[in-house]
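Let me begin by presenting the structure, written as structure tokens, before commenting on it.
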């Protein structure tokens, strides 16, 4: 796909996202907003897992840190725009620390380390009720008000979240196409070869965890005013697995994979509501079939179709330069 077609596709998707909630009820708008929030969290995990090859089962824990820091500050009278950067900073620092085990353990051992961290965060949030409200959680977080633009209405908060998502996506686009992005991919493909080529694999590994965790914190900072109620059960291990499913279904290591994956995980169950009690069975079966036959995710399906119907015609270098013409 050339640059022009890619640009038109992106603009078309943004236009669709702008038009999607128009005329819809509050519940549908809430679901669409949830899709954007989880797409941000999945973007962060996609950087850590898809680009850098470092598995993490703790993304929901960073959503929790972002949500609780934002909630505590906004309930204390801070504006969201001031509380959010502190939540991101907290997640960045904690993610940096969590990245240190990745310097020594790999694969499923690293998965167990991050899984244990997610459980630790859950237990701290549940037991330290003097700060977090314990099992009762926190309630009444205000939605940001910018004077001329208030996000109290569901539709207004959706467009606010869409704007934050676009900015987060642009930042991620810059990261994956920067020298850092190339270093992340080199780390994923072959850490030893990457180090031999001069890549500081230690620093890149820590950055992958820290930046991915900050995106989880941003998603949490949006969840708090969206739901206006948070409690530890909302950020358990099951939710980390849910975000992992978004990345895998959408296409791990592809930029637009998290958006497609979040759409499947968040929106598809709502589309299947007509099946009543059977919708979860249908949903699970569809996901299993897709993962079996298209392990590269939904982006991989598009890649196969594009290669089949619009194959890339390569010209031999010697003929292109005219070497074969005498």
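The values are calculated or read from the model by the stated rules, or taken from the named source; none is laboratory data. The structure displayed is predicted, hence computed values, not measured ones. Backbone-built Cβ (ideal geometry, glycine too); neighbour counts: all protein chains shown.
The table below gives the values:
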{"quantity": "Candidates 56, 71 - the one that is within 24 Å of residue 253 (Cβ to Cβ) and in contact with a helix residue (DSSP H, G or I) (Cβ under 9 Å, 6 or more places away or on another chain)", "calculated": "56"}
{"quantity": "Hits in segment 175-185 - residues which are surrounded by 11 or more Cβ atoms within 10 Å (Cβ to Cβ) and in a helix (DSSP H, G or I)", "calculated": "175, 176, 180, 181, 182, 183, 184, 185"}
{"quantity": "Any hit, segment 266-285, residues being at pLDDT 85 or above, touching a helix residue (DSSP H, G or I) at 6+ places or on another chain (Cβ under 6 Å), outside any loop (DSSP other than H, G, I, E, B) and within 30 Å of residue 130 (Cα to Cα)", "calculated": "no"}
{"quantity": "Residue within segment 17-28 that is in a helix (DSSP H, G or I), farther than 12 Å from residue 162 by Cα and in contact with a helix residue (DSSP H, G or I) (Cβ under 6 Å, 6 or more places away or on another chain) present", "calculated": "yes"}
{"quantity": "Sole residue being more than 23 Å from residue 64 (Cα to Cα) and either out of contact with any strand residue (DSSP E or B) (no Cβ under 9 Å at 6 or more places or on another chain) or in contact (Cβ under 8 Å) with a residue 40 or more places away in the chain (or both), chosen from 192, 211, 243", "calculated": "192"}
{"quantity": "Qualifying residue in segment 129-150 (condition: in a helix (DSSP H, G or I) and at positive phi)", "calculated": "yes"}
{"quantity": "Answer residue from segment 186-201, given it is touching a helix residue (DSSP H, G or I) at 6+ places or on another chain (Cβ under 6 Å) and either under 27 Å from residue 11 (Cβ atoms) or part of a helix (DSSP H, G or I) (or both) and is modelled with the highest pLDDT among those", "calculated": "186"}
{"quantity": "Residue 70 being more than 30 Å from residue 116 (Cβ to Cβ) and crowded, with 23+ Cβ neighbours inside 10 Å", "calculated": "no"}
{"quantity": "Test: residue in segment 38-57 that is touching a residue at least 12 places away in the same chain (Cβ under 8 Å) and either in contact with a strand residue (DSSP E or B) (Cβ under 9 Å, 6 or more places away or on another chain) or exposed (fewer than 15 other Cβ atoms within 10 Å of the Cβ) (or both)", "calculated": "no"}
{"quantity": "Criterion (crowded, with 23+ Cβ neighbours inside 10 Å and not in a loop (DSSP other than H, G, I, E, B)) met by exactly one of 168, 214", "calculated": "214"}
{"quantity": "Residue check, residue 259 in contact (Cβ under 8 Å) with a residue 24 or more places away in the chain, part of a helix (DSSP H, G or I) and under 21 Å from residue 98 (Cα atoms)", "calculated": "no"}
{"quantity": "Test: residue in segment 292-302 that is more than 26 Å from residue 164 (Cα to Cα), outside any helix (DSSP H, G or I) and over 20 Å from the mean Cα position of the chain (by Cα)", "calculated": "yes"}
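Residues checked against (1) assigned to a helix (DSSP H, G or I); (2) more than 18 Å from residue 264 (Cα to Cα); (3) in contact with a strand residue (DSSP E or B) (Cβ under 6 Å, 6 or more places away or on another chain):
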{"residue": "6", "(1), (2), (3)": "yes, yes, no"}
{"residue": "11", "(1), (2), (3)": "yes, yes, no"}
{"residue": "36", "(1), (2), (3)": "yes, no, no"}
{"residue": "63", "(1), (2), (3)": "yes, yes, no"}
{"residue": "78", "(1), (2), (3)": "no, yes, no"}
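One line per residue, one yes/no per condition, for (1) closer than 23 Å to residue 241 by Cα; (2) free of Cβ contacts under 8 Å to residues at least 12 places away in the same chain; (3) surrounded by 12 or more Cβ atoms within 10 Å (Cβ to Cβ); (4) in contact with a helix residue (DSSP H, G or I) (Cβ under 8 Å, 6 or more places away or on another chain):
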site	(1), (2), (3), (4)
93	yes, no, yes, yes
106	yes, yes, yes, no
114	yes, no, yes, yes
129	no, yes, yes, yes
132	no, no, yes, yes
135	yes, no, yes, yes
156	no, yes, yes, no
